[in-house]
Amino acid sequence: MNFTINKMQVSDLDLIANNLESDFDNFWNYNVFKSELENENSKYIVAKQNDKIIGYAGIWISIDIAHITNIVVKKDLRHLGIGSILVKKLIEMSKE
């Protein structure tokens with residue numbers, strides 16, 4: 001499966017806002033998620049395939065500690081290793 005991983009932007013959140021619960025398990029509502037994207041201590045990434053979001057993940061960074069906030073893959077694409085790749089990327093980001 002080919003996909004890209006990039007820094008999540010508010011425009012990415014806008015793309016999935018209406019599908020957070022049905023496609024991704026809505027852990028947070030749109031406004032909480034948007035404030036997370038604007039928080040300088042939060043880092044979020046998004047996995048995209050053909051310009052469609054198939055997963056996302058985030059961490060909070062505080063000095064020398066990183067805390068995973070969420071890792072979510074689109075329900076119909078789970079068990080394909082996408083979440084594992086997102087975790088590896090979060091670990092790389094944490095080391096930086």
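Data overview
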item	result
Computed lengthening from GLU96 to GLU40, 0.36 nm per intervening residue step minus Cα-Cα distance	18.6 nm
Per residue accessible area of region 1-55, 1.4 Å probe, in Å²	62 Å²
Ranked order, PHE3, PHE24 - accessible area, probe 1.4 Å, largest first	PHE3, PHE24
Structure-based [θ]222 nm, the chain - -39500 (n - 2.57) summed over DSSP H runs of at least 4, per residue, nearest 500	-10000 deg cm²/dmol
Those aspartates and glutamates that a straight Cα-Cα span of less than 12 Å connects to LYS95, excepting residues fewer than 8 apart in one chain	ASP64
When the convex hull of its Cα atoms is projected in every direction, mean area for the chain (nm²)	5.8 nm²
Cα-based reach from LYS75 at 18 Å (exclusive), listing lysines while leaving out same-chain residues under 8 positions away	LYS48, LYS52
Magnitude of the charge dipole, the chain, Cβ model with Lys/Arg +1 and Asp/Glu -1, debye to 20	320 debye
Of all accessible heavy-atom area on the chain, the percent that carbon and sulfur account for (1.4 Å)	47 percent
Extended-chain gain in nm, criterion 0.36 nm per residue less alpha-carbon gap, ASP76 and ALA17	19.5 nm
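The values are calculated or read from the model by the stated rules, or taken from the named source; none is laboratory data. Quick caveat, the model's predicted, so the values are computed rather than measured. Because the Cβ atoms are built from the backbone with ideal geometry, glycine has one as well, and the counts that use them run over all protein chains shown. Accessible surface areas use protein heavy atoms only, side chains included; no ligands, DNA or RNA. Shrake-Rupley method; radii C 1.70, N 1.55, O 1.52, S 1.80 Å.
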